[in-house]
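Colleague: Next up is a structure, given as C-alpha cells.
The values are calculated or read from the model by the stated rules, or taken from the named source; none is laboratory data. These numbers come from a predicted model, not from an experiment. Backbone-built Cβ (ideal geometry, glycine too); neighbour counts: all protein chains shown. What goes into the accessible areas is simple: the full protein's heavy atoms, side chains included, and nothing from ligands, DNA or RNA. Shrake-Rupley method; radii C 1.70, N 1.55, O 1.52, S 1.80 Å.
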Amino acid sequence: MKNRMDKPEQFSFGYFPVYMARLAIMLLILAGNCLVNAQSNRKVPKHHFETGEELIYSMHYGWFTIGKATILMDQELWNIQGKPHYYLQCRIQTTGVFDFFSSVDVCAESWIDVATLRPTISYRQFFIGQSMDIRTDRFEYADSVTISTYVEDVNRHQVAKVNISDTLVLDLLSTYLNLRDIVYSNDGSDTTMVKMHFSNDIYPFGIVHSGMEDEYYRFDLIFPETEEYEKGSPAYLLAKKEDTIIPVKLVVELTLGKLVFILNKRNYY
C-alpha cells in the first residue's frame, strides 16, 4: 500500500513573470484527509493512454531553452470512496541560467475517476518567483458540480458551483487525459469543448482536428482571451497516433513571445 496523499517537498525561488508560468501550467495540459490506497487488479475502461507512462518535455521560450516539464501517470490505480482512480502528476521547472534569474517550480497532482475521467481530488504547489500558491480542490457531483478549495498558504476555504451540462467540468490534469482520449477518436473537423477549473475560475477550452503536419496529427487549441494570450493567436498540438495518443509538440504564441514544449523522452514504469 502507498499513501499518494503525501505532499511534494517544498522549494524556494527567485522572480519569474507570472503570465508565462500560468500559461505553461495551463498548456501542459496542453493534485486531504481521505484514505487513498493502491489497487492493481481492477478492470478499467479502454482509454487511449497508458498507466505507468512518463513523458519528459523540454520547454522553450523564444530562442531560449528555459526548463523542462514531466507528466507521470502511476501504473497502479487508487481507491477513493470505493472507486478506482488514476493518479497523475505534472512537474514544471525552470533550469540553468534562466532559473537563477527567473525561477518556477510547479507540482500539480490529480486523482481522476477511471470510469468518468472526472477529477475527485486535485492538489498543487506553485512556486513562481517570490510568490506561492498551495491548494487542494475536492470535486463533488450531484445536480451541480461543487468544488471545495482549501488554499493552504493563506488558510482560506472557498467553494465554487457549476451547473452540470453536456460540457465536462475538469481540472488541469483531467483536461489533459480527456483530450488525449478525445483526440484519438477525432478524425474529422469537429470542435470539442470542456470547462476547465483553475484557481476558482472556469475557463472554456477546446480542441479541433486540423489534418496532418509532416507525419503528425495537428490539433488546434481554443483558449480564452487573457492578458497573456490574445484570442485567435496560433496555438496547436502535434501528436502521434499509435495504440495511444502521444503529444510530441505544443506551440502557443503568447503576447510576449512563443512558448514551445518538445517531447524528449517517453518512459514506462
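Colleague: For N155 and N200, what does the FRET efficiency come to when R0 = 25 Å and r is the distance between their Cβ atoms, rounded to the nearest 0.05? Mind dumping the intermediate values first?
Modeller: Values: r = 15 Å, r/R0 = 0.62.
My answer for the efficiency is 0.95.
Colleague: Related question: Roughly how many percent of the accessible protein surface of segment 174-259 is carbon and sulfur, given a 1.4 Å probe and a whole-percent answer?
Modeller: Numbers: 1680 of 3810 Å².
Looking at segment 174-259 in its full context, I get 44 percent from C and S.
Colleague: L256 to E140: FRET efficiency via 1/(1 + (r/R0)^6), r the Cβ-Cβ distance, R0 41 Å, to the nearest 0.05?
Modeller: Working: r = 38 Å, r/R0 = 0.94.
Here the calculated transfer efficiency is 0.60.
Colleague: Can you list residues from other chains, or at least 5 along the same chain, whose modelled amide H is less than 5 Å from the amide H of T226?
Modeller: Placed amide hydrogens put K231 under 5 Å from T226.
Colleague: Per residue, how much accessible area does segment 118-269 show when a 1.4 Å probe rolls over the protein heavy atoms, in square angstrom?
Modeller: 47 Å²
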